[in-house]
């Protein structure tokens, strides 16, 4: 459930601000459930980066689109779809 929240938030937030807002809230929950906090941090970073390529915003897609001006944004979204499905 927590990872789903990160995916949804990643559609509208930048990664650092999202982590700064959510980790203090989720840290006590994850610690009380007995999960390893190092692995929680690794999973949060990976899911955060995956969420930055999801539509409708897809911040990393727009960065790539700005660098590669001859490729349309829709084409880039089609190319990254297998990575977040």
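Laboratory data are not the source of any read-out in this text; all were calculated from the coordinates shown. Since we're looking at a predicted model, the values are computed, not measured. Neighbour counts run over all protein chains shown; Cβ positions are idealised from the backbone, glycine included.
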Qualifying residue in segment 56-68 (condition: assigned to a helix (DSSP H, G or I), in contact (Cβ under 8 Å) with a residue 40 or more places away in the chain, under 17 Å from residue 83 (Cβ atoms) and within 13 Å of the chain's Cα centre (by Cα)): yes
Enumeration of residues in segment 27-48 that are surrounded by 15 or more Cβ atoms within 10 Å (Cβ to Cβ), within 16 Å of the chain's Cα centre (by Cα) and more than 13 Å from residue 4 (Cα to Cα): 40
Some residue of segment 56-65 being exposed (fewer than 12 other Cβ atoms within 10 Å of the Cβ), farther than 19 Å from residue 12 by Cα and out of contact with any strand residue (DSSP E or B) (no Cβ under 9 Å at 6 or more places or on another chain): no
Qualifying position, being part of a loop (DSSP other than H, G, I, E, B) and surrounded by 13 or more Cβ atoms within 10 Å (Cβ to Cβ), among 76, 53, 71, 5: 53
